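Here's the structure, in structure tokens; my notes come after.
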């Protein structure tokens, strides 16, 4: 989500909207229908699998799992006129608890463009399915596929006054915690971080991220960070899927496969 986009950024900055959008993303359905069940839900900043000491009970519970009816109610409770199958609009602007939020004018439409890199079979289908699922709450998503280099060149941190800040939402990439492996969020979610592509910024998140890697009670600081980011949804939490690697029987040195996805062809060799 581009929090600095001049037209839709103010909507992305609303916590209730991000939570509602998450509740319109059907991870279980996508895994079952498009990945033949080969995957698992991801509902926070730390992968739930393989089992690890960093994931929390809150994250495991997927508190904002797929629930279109609840998503519609959340939007209605915050001043939006929800039009299932159409385009919802803000009819109660302002910053009170039952209003649309700061920077959102009356008549603002819940409509934005989603960029994604083309290629593969399941991934493009999921973007179209997400568009359909979001429409249940009157969120109109224009899905636009481009080659990966084009998308990655466009989806970059920006200021709202930059001409390059016209991108709104993108389904791009994944993340591996390396080389230190420890799953803190300083490079992903801290203000100004290198891979914070959407320019998410939250003082409490910054504080918790810093505490998670500084000396102290590792278990307590990591739990606080994970629980807060799970609810914050600084980016849409999406499914993780299993991958199958096919290796010719006469190609050696490939296994054991590097769990971080690194490829080391200098170790490979053929036999006749």
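The values are calculated or read from the model by the stated rules, or taken from the named source; none is laboratory data. This one's a predicted model, so the numbers in the text were calculated from it and none came from an experiment. Using ideal geometry, Cβ is built from the backbone for each residue, glycine included, and neighbour counts are taken over all protein chains shown.
It is to be established whether one or more residues within the range 150-172 are under 27 Å from residue 259 (Cβ atoms) and loosely packed, with under 13 Cβ neighbours inside 10 Å. Within the range 150-172 (the criterion being under 27 Å from residue 259 (Cβ atoms) and loosely packed, with under 13 Cβ neighbours inside 10 Å), the answer is no, since none of the residues qualifies. Looking at 86, 79, 37, 29, just one residue is surrounded by fewer than 16 Cβ atoms within 10 Å (Cβ to Cβ) and at positive phi, and that residue is 37.
In this structure, is residue 115 touching a strand residue (DSSP E or B) at 6+ places or on another chain (Cβ under 7 Å), closer than 30 Å to residue 188 by Cβ, part of a loop (DSSP other than H, G, I, E, B) and touching a residue at least 40 places away in the same chain (Cβ under 8 Å)? Criteria not met by residue 115.
Scanning the range 196-227 for residues being in a loop (DSSP other than H, G, I, E, B) and within 17 Å of the chain's Cα centre (by Cα) gives a total of 7. Quick check on the range 67-79. Is at least one of its residues over 22 Å from the mean Cα position of the chain (by Cα), under 30 Å from residue 164 (Cβ atoms) and without any contact (Cβ under 8 Å) to a residue 60 or more places away in the chain? No, the range 67-79 contains no residue that is over 22 Å from the mean Cα position of the chain (by Cα), under 30 Å from residue 164 (Cβ atoms) and without any contact (Cβ under 8 Å) to a residue 60 or more places away in the chain.
One residue stands out in the range 169-179 among those that are part of a loop (DSSP other than H, G, I, E, B) and under 13 Å from the mean Cα position of the chain (by Cα): the one that is modelled with the highest pLDDT, namely 171.
Candidates 148, 182, 116: the one that is modelled with pLDDT under 95 and in contact with a helix residue (DSSP H, G or I) (Cβ under 8 Å, 6 or more places away or on another chain) is 182.
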